[in-house]
Amino acid sequence: MRAAPSLRYLQIVPWFTEHYFDNDGPDPSIDNGPTGGLTWDGRIDRPRDQARLPLLSPYEMANENPAEVVAKVRRAPYAAEFETLVRGSAQPFATILEALEIWQQEYREFYPYSSRYDAWLAGKTKLSDQELRGLELFSDPEKGNCARCHIATRGTNGTPPQFTDWGYAALGAPRNPEIPANSNPAWFDLGLCGPFRTDLHSQEKYCGQFRTPTLRNVATRGVFFHNGVFHSLREVVEFYVQRDSDPKKWYPQGVKFNDLPPEYRPNVEMEAPFGRATPALNDEEIAAVVAFLGTLTDR
């Protein structure tokens, strides 16, 4: 029902909270609202708990139960290493989840900060004129305004930019007909409001909101948005700047924000570059932003 989000650059994502105060931001007193968590709806905070989801999901690895996972591991080439780790523990499945969590702390694989953009910030390389123009448009609040949520500057203590504020937004992505559940017109994925997350289902102001992913390595992805409706980075940028100026291009049935029930459509984000009768970026500027995003790919 959802596209798989990246496991990279999750090492400092805060645990989910409805009220997030960013001590590294310009004003620590501002309540940034729902923030954090490791899934599209933030219902999981620890990597070991996140690992459980795909292992047991009928839509992913489809193991019937934890015992089936353990049985497979005990038949794997690394079974002897696993038994050394378990050492008679009564919770071998928990050991598997913890091992996956510890592996994700390997910075060279999961958060190396080795992109050309990182090298440029360190003064070790140059970006092309088109890439620099893309960065300018990406950051300009009157143009792409991408950096409002996908922060592109170092933290106050010099930490590399994460290209996300870990917050939540309803972007009005078109309904994806390739998702089997969507064949039922009454079924909707409402993000923070469910169906997978259940504790916030009564908070209607959150319905349709999904966590803002990092844009690091975004040029290597083949699916975009929580529902995987787009398959190219250029298409995503075009959607951002043309959603409201040319809605028929994105909503063929003529129903704007068609992946949300009508009562939740007012929740959809309208700040720039959205909500404009004229696109915020032209074709050349879109290409420049896409070129800049290509600099975020790790070596």
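Observations on the structure shown:
- Residue list for the range 166-177, filter: open to solvent by 20 Å² or more (accessible area, probe 1.4 Å) and either touching a Pro at 6+ places or on another chain (Cβ under 9 Å) or farther than 22 Å from residue 268 by Cβ (or both): 166, 168
- Every pair of residues 6+ apart whose Cβ atoms lie under 9 Å, when the first sits in the range 240-259 and is over 21 Å from residue 188 (Cβ atoms) and open to solvent by 60 Å² or more (accessible area, probe 1.4 Å) while the second is modelled with pLDDT under 95 and part of a loop (DSSP other than H, G, I, E, B): 248/254
- In the range 154-164, the residues that are at pLDDT 95 or above and either among the hydroxyl-bearing types (Ser, Thr, Tyr) or buried (at least 18 other Cβ atoms within 10 Å of the Cβ) (or both): 161, 162, 163, 164
- Residues that are within 24 Å of residue 271 (Cα to Cα), under 19 Å from the mean Cα position of the chain (by Cα) and among the polar types (S, T, N, Q) occur in the range 215-228; there is at least one.
- Answer residue from the range 11-27, given it is under 17 Å from the mean Cα position of the chain (by Cα) and open to solvent by 60 Å² or more (accessible area, probe 1.4 Å) and is farthest from residue 231 (Cα to Cα) among those: 15
- One residue from 102, 30 being surrounded by fewer than 16 Cβ atoms within 10 Å (Cβ to Cβ), out of contact with any helix residue (DSSP H, G or I) (no Cβ under 6 Å at 6 or more places or on another chain) and part of a loop (DSSP other than H, G, I, E, B): 30
- Filter pass, residue 255 being under 19 Å from the mean Cα position of the chain (by Cα) and among the hydrophobic types (A, V, I, L, M, F, W, C): no
- One residue alone among 95, 125 is over 30 Å from residue 79 (Cα atoms) and either without any contact (Cβ under 8 Å) to a residue 60 or more places away in the chain or assigned to a helix (DSSP H, G or I) (or both), and that residue is 125.
- Taking the criterion of being surrounded by 13 or more Cβ atoms within 10 Å (Cβ to Cβ), of a type outside the set (A, V, I, L, M) and closer than 20 Å to residue 117 by Cβ, the residues of the range 262-299 that qualify are 285, 292, 294, 295, 297, 298.
- Condition check for residue 74: out of contact with any Asp or Glu (no Cβ under 7 Å at 6 or more places or on another chain), more than 26 Å from residue 166 (Cβ to Cβ) and at pLDDT below 95: no
- Candidates 8, 48, filtered to the one that is in a helix (DSSP H, G or I) and either surrounded by fewer than 19 Cβ atoms within 10 Å (Cβ to Cβ) or without any contact (Cβ under 8 Å) to a residue 60 or more places away in the chain (or both): 48
- Residue match in the range 189-201 (condition: polar (S, T, N, Q), open to solvent by less than 20 Å² (accessible area, probe 1.4 Å) and assigned to a loop (DSSP other than H, G, I, E, B)): no
- All positions within the range 259-299 that are part of a helix (DSSP H, G or I) and of a type in the set (D, E, K, R): 263, 265, 283, 284, 285
- Of all residues making up the range 219-255, the number that are over 26 Å from residue 147 (Cβ atoms) and touching a helix residue (DSSP H, G or I) at 6+ places or on another chain (Cβ under 8 Å): 1
- Taken together, the criteria place residue 114 among residues that are at pLDDT 95 or above and closer than 25 Å to residue 11 by Cα.
- Criterion applied to 163, 138 was being within 27 Å of residue 269 (Cβ to Cβ), under 21 Å from the mean Cα position of the chain (by Cα) and in a helix (DSSP H, G or I), and the one residue passing it is 138.
The values are calculated or read from the model by the stated rules, or taken from the named source; none is laboratory data. Treat the numbers as computed from the prediction; the structure is a model and nothing was measured. Don't worry about glycine lacking a Cβ; one is built from the backbone with ideal geometry, like all the others, and counts go over all protein chains shown. Surface accessibility is based on the protein's heavy atoms, side chains included, excluding ligands, DNA and RNA. Shrake-Rupley method; radii C 1.70, N 1.55, O 1.52, S 1.80 Å.
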